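Undergrad: Got a structure for you, questions after.
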Amino acid sequence: MNLYMKFFLMHLKSQMQYKVSFFFNILGQFLVSFAVFMSLSFLFMLFDDVEGFTYQEVLIGFAVMMLGFSLGEMFGRGFDTFPRILGNGTFDRALVRPRNIIFQVLAGTMDFTRLGRAAQAVVVFVYVIPNSGVDWTLTRVMTLVLMIVCGTLLFFGLFVVYASFSFFTVEGLEFMNIFTDGGREHGRLPFSVYGENVLRFLTYVIPLALVQYYPLLFLLGRETSLLYAFAPVFALLFLIPCFVFFRFGLSRYKSTGS
Amino acid sequence: MIELNGVNKTFRIAKRQGGFSRAFRALFSREYEYIRALKNVSFTVNDGEMVGYIGPNGAGKSTTIKIMCGVLNPDGGTCNINGRTPWKNRVAHVREIGVVFGQRSQLWWDVPVVDSFELIRDIYKTDAATYKRNLDELVELLELHEILKTPARSLSLGQRMRCEIVASLLHDPKILFLDEPTIGLDAVSKLAVRQFIKRLNAERGTTVLLTTHDMQDIEALTERIILIGKGQILLDGSLTQLKAEAPKGANAEEMVAALYKEYAI
């Protein structure tokens with residue numbers, strides 16, 4: 001953890017070297033995600049609710065996905081840019097250092113400009129938390145925190161899967177974006193609006209609905225079972241196959257070298 | 001002590017084709033061609049020895065180095081370095097080796113090099129006293145006082161290479177692998193690097209294995225050379241021995257060119 005902090009400071013120092021670029025990048029990220037937010041707002045100028053969710057209720061899910069994605073991307077950036085890390089030899093360097101490989105990839109790249117998107121999510125939270133009509137009990141606050149933390153880890157896991165694929169192929173990696181960028185984009189609405197099959201897929205295969213749709217129902221008081229409140233925790237099971245897959249890819253890399 | 005015995009390595013290279021549908025199909029089934037990068041490579045390097053590992057491009061030098069570093073697993077054969085198999089005991093093994101990849105930097109581009117050194121110290125958990133002693137000594141030898149506070153991006157290639165070497169030696173490795181350490185350097189930097197490697201080997205007894213295309217490196221540094229071509233060890237002997245066989249008056253470049261010709265590589 002200590003070493004991670006040192007890496008963290010090095011990245012911060014490096015990125016602050018180009019102050020203007022750094023702040024414009026943050027601003028750019030903020031504006032891009034603001035456009036997504038605007039499109040959502042326009043939608044609700046036309047309709048009062050989507051599948052039984054009001055504007056404020058939808059915004060909670062939107063902000064959770066946005067914050068989870070941007071934090072996952074900020075810390076897991078090394079896995080997001082993994083093909084490059086493999087290509088330019090940085091990964092071979094990691095292999096000759098006496099530390100855990102996943103830790104080194106994780107610590108090796110961080111991108112603070114993603115804070116722009118995170119800031120957007122925070123702004124939405126500031127607006128929506130008092131205005132959503134949610135009765136904020138201690139359990140509900142905890143559920144919201146779990147949604148964000150587990151959402152971050154889930155997106156992180158998806159980046160690890162993405163990285164693992166690049167051990168095998170350099171072609172056709174784009175399809176993974178369906179789950180990462182796609183998860184973020186479609187996550188602005190509760191996942192139930194996409195129909196039963198999509199919801200089932202996002203529950204049992206790529207458990208994005210476990211950090212967004214189900215706990216949202218609990219926050220809104222539509223479900224009272226604690227199972228819904230703790231649904232985000234179950235999503236973490238997804239990380240196990242992610243890391244197993246990465247290990248498998250790594251052993252293959254070491255025998256093929258490409 | 002480095003002992004390689006009958007090391008084999010074959011790469012499977014996918015045949016690539018254009019087009020989206022082919023690329024998609026390639027996810028599931030592919031055609032491959034096989035390239036034998038190393039064939040039955042064996043050699044032994046004793047502690048404190050300095051060895052030049054030479055051969056034309058694509059001969060298998062980097063593959064051998066990667067195997068010795070634990071980055072690649074061979075298909076067959078054994079490799080024993082200081083009593084360990086690199087790819088089986090990666091963490092313990094890499095603690096005792098230093099690696100310089102001449103064409104790839106391990107320094108942080110935008111921060112002062114001394115910050116990079118400190119991070120490397122923390123990665124290796126080198127204790128403060130050892131770190132300080134090594135840093136002072138290396139900085140002194142390589143004359144780096146003035147550039148310690150300079151970010152790597154502002155350094156000249158020669159300065160950066162010297163910093164790369166320092167970065168690889170801060171944790172007191174017993175073995176140093178240098179993959180083309182003098183590539184692209186000017187005359188002064190080349191001399192500085194060579195002189196330094198020589199002193200390192202003489203004073204600390206560090207085992208050095210270096211690959212290079214610069215025959216003056218070999219002449220200046222190593223008594224022993226190992227020649228590899230098309231994945232096979234073709235010659236393992238001393239430079240003097242080689243000189244005796246070569247036509248009179250030939251310089252190192254010509255000698256090696258003659259060798260390459262003789263073995264048709």
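The values are calculated or read from the model by the stated rules, or taken from the named source; none is laboratory data. This is a predicted model, so every value here is computed, not measured. Heads up, the Cβs are rebuilt from the backbone with ideal geometry, glycines too, and the neighbour counts pull from every protein chain shown. In case anyone asks, the SASA skips ligands and DNA or RNA and just uses the protein heavy atoms, side chains included. Shrake-Rupley method; radii C 1.70, N 1.55, O 1.52, S 1.80 Å.
Undergrad: Using only protein heavy atoms and a 1.4 Å probe, how much accessible area in total is buried between A and B, to the nearest 100 Å²?
TA: 3300
Undergrad: What residues of the stretch A:228-258 lose no less than 40 Å² of accessible area with every protein chain in place versus their chain by itself (probe 1.4 Å, heavy atoms only)?
TA: A:Lys254, A:Ser255, A:Thr256
Undergrad: What FRET efficiency would be calculated for the residue pair A:Phe201, B:Glu219, taking the C-beta separation as r and a Förster radius of 56 Å, to the nearest 0.05?
TA: Efficiency, from the Cβ-Cβ distance: 0.25.
Undergrad: Starting from 0.36 nm per residue, how many nanometres of slack lie between B:Lys261 and B:Glu146 once their C-alpha separation is accounted for?
TA: Length gained between B:Lys261 and B:Glu146: 36.8 nm.
Undergrad: Rounded to the nearest 0.05, what FRET efficiency do B:Asn80 and A:Val36 give with R0 = 56 Å and r taken as the Cβ-Cβ distance? Could you check?
TA: 0.45
Undergrad: Hey, another quick one. Give the angle, between 0 and 90 degrees and rounded to the nearest 10, that separates the Cα long axis of helix A:19-46 from the longest principal axis of the Cα atoms of chain A.
TA: Around 30 degrees separate the two axes.
Undergrad: Shifting gears a bit: For the stretch A:80-121, list residues with backbone N below 19 Å from a point placed 7 Å from the Cα of A:Leu12 toward its Cβ?
TA: A:106-119
Undergrad: At 1.4 Å probe size, what's the solvent-accessible area of A:His186? Round to the nearest 10 Å².
TA: 100
Undergrad: Name the residues of the stretch A:63-106, by number, that are at least 30 Å² less accessible with every protein chain in place than in the isolated chain; the surface is that of heavy atoms, probe 1.4 Å, without ligands or nucleic acids.
TA: In the stretch A:63-106, residues shielded by partner chains: A:Asp92, A:Arg93, A:Leu95, A:Val96, A:Arg97, A:Pro98, A:Arg99.
Undergrad: Compute the convex hull volume of the Cα atoms of the protein assembly as shown, divide it by the residue count, and report the result per residue in Å³ as a whole number.
TA: Per-residue hull volume (Cα only) is 173 Å³.
Undergrad: A further question follows. At 1.4 Å probe radius, can you tell me the per residue accessible area of the stretch A:47-90 in Å²?
TA: 33
Undergrad: What does the accessible area per residue of the stretch B:173-227 come to in Å², with a 1.4 Å probe and no ligands, DNA or RNA counted?
TA: That works out to 38 Å² for each residue.
Undergrad: Can you work out the accessible area per residue across the stretch A:186-258, with the rest of the protein chains kept in place, probe 1.4 Å, in square angstrom?
TA: The answer is 48 Å² per residue.
Undergrad: So how exposed is B:Met50, as accessible area in Å² (1.4 Å probe, rounded to 10)?
TA: The value for B:Met50 is about 20 Å².
Undergrad: Another one. Tell me what chain B gives for mean residue ellipticity at 222 nm when only DSSP H runs of n ≥ 4 count, each as -39,500 (n - 2.57), the sum divided by the residue total, rounded to 500 deg cm²/dmol.
TA: -12000 deg cm²/dmol
Undergrad: Ok, one more. Helix A:239-256 against the longest principal axis of chain A: what's the angle in degrees, Cα atoms only, rounded to the nearest 10?
TA: 20
Undergrad: For a quick check of understanding: with a 1.4 angstrom probe and all protein chains in place, what accessible area in square angstrom does B:Ser29 have, to the nearest ten?
TA: Surface accessible to solvent at B:Ser29 totals approximately 80 Å².
Undergrad: Right, another one. Cut-off 17 Å, label point 7 angstrom out along Cα-to-Cβ of B:Trp109: give me the residues of the stretch B:142-163 whose amide nitrogen falls inside.
TA: What the label zone holds, given the 17 Å backbone N cut-off, is B:151-157, B:160-161.
Undergrad: How would A:Arg99, A:Arg222 line up by accessible area, probe 1.4 Å, largest first?
TA: Order by accessible area, largest first: A:Arg222, A:Arg99.
Undergrad: Expressed as cubic angstrom per residue, what is the convex hull volume of the alpha carbon set of the stretch A:110-258?
TA: 128
Undergrad: Going by a 1.4 Å probe on protein heavy atoms, which residues of the stretch B:106-139 end up with at least 30 Å² less accessible surface in the whole assembly than in their chain alone?
TA: Flagged in the stretch B:106-139: B:Gln106, B:Trp108, B:Asp110, B:Val111, B:Asp115, B:Leu119, B:Asp122, B:Ile123, B:Tyr124.
Undergrad: Please identify, among B:Val208, B:Val91, B:Val100, the residue showing maximal mean-square fluctuation in a Gaussian network model of chain B using a 10 angstrom Cα cutoff.
TA: B:Val91
Undergrad: Measure up B:Lys15/B:Lys39; B:Lys66/B:Lys230; A:Lys254/B:Lys9; B:Lys125/B:Lys149; B:Lys9/B:Lys261 against 19 Å on the Cα-Cα distance and list the ones that go over.
TA: B:Lys15/B:Lys39; B:Lys125/B:Lys149; B:Lys9/B:Lys261
Undergrad: With n ≥ 4 as the cut-off for DSSP H runs, can you work out [θ] at 222 nm for chain A, using -39500 (n - 2.57) per run divided by the number of residues, rounded to the nearest 500?
TA: -22000 deg cm²/dmol
Undergrad: Could you pull out the GluC sites (Glu not before Pro) across the stretch A:44-152 that fall in loop regions by DSSP (anything but H, G, I, E, B) with no more than 13 other Cβ atoms inside 10 Å?
TA: A:Glu51
Undergrad: Return one number: the angle in degrees, 0 to 90 and rounded to the nearest 10, between the long axis of the Cα atoms of helix A:138-165 and the longest principal axis of the Cα atoms of chain A.
TA: Taking the Cα atoms of chain A, the angle to A:138-165 is about 40 degrees.
Undergrad: Next question, about the same structure. At a 1.4 Å probe radius, carbon and sulfur cover how many percent of the accessible area of chain B?
TA: The C+S portion of the solvent-accessible surface of chain B is 49 percent.
Undergrad: Hey, got a sec? Which GluC sites (Glu not before Pro) in the stretch B:55-161 land in a DSSP loop and have at most 14 other Cβ atoms within 10 Å?
TA: Within the stretch B:55-161, the qualifying GluC sites (Glu not before Pro) (loop, at most 14 other Cβ atoms within 10 Å) are B:Glu143.
Undergrad: Moving to a separate point now. What residues have an amide H closer than 5 Å to that of A:Ser166, excluding those fewer than 5 places away on the same chain, when H is modeled at 1.01 Å from N in the peptide plane?
TA: Amide H neighbours of A:Ser166, under 5 Å, 5+ apart: none.
Undergrad: Computing the accessible area with a 1.4 Å probe over protein heavy atoms, can you report the carbon and sulfur percentage for the stretch A:31-179?
TA: 69
Undergrad: Express in whole angstrom the spacing between the alpha-carbon centres of the stretch B:133-147 and the stretch B:1-73.
TA: Here the two parts' Cα centres lie 36 Å apart.
Undergrad: Using 0.36 nm times the number of residues separating B:Glu31 and B:Thr10, minus their current alpha carbon distance, what extension gain do you get?
TA: Roughly 6.0 nm would be gained on extension.
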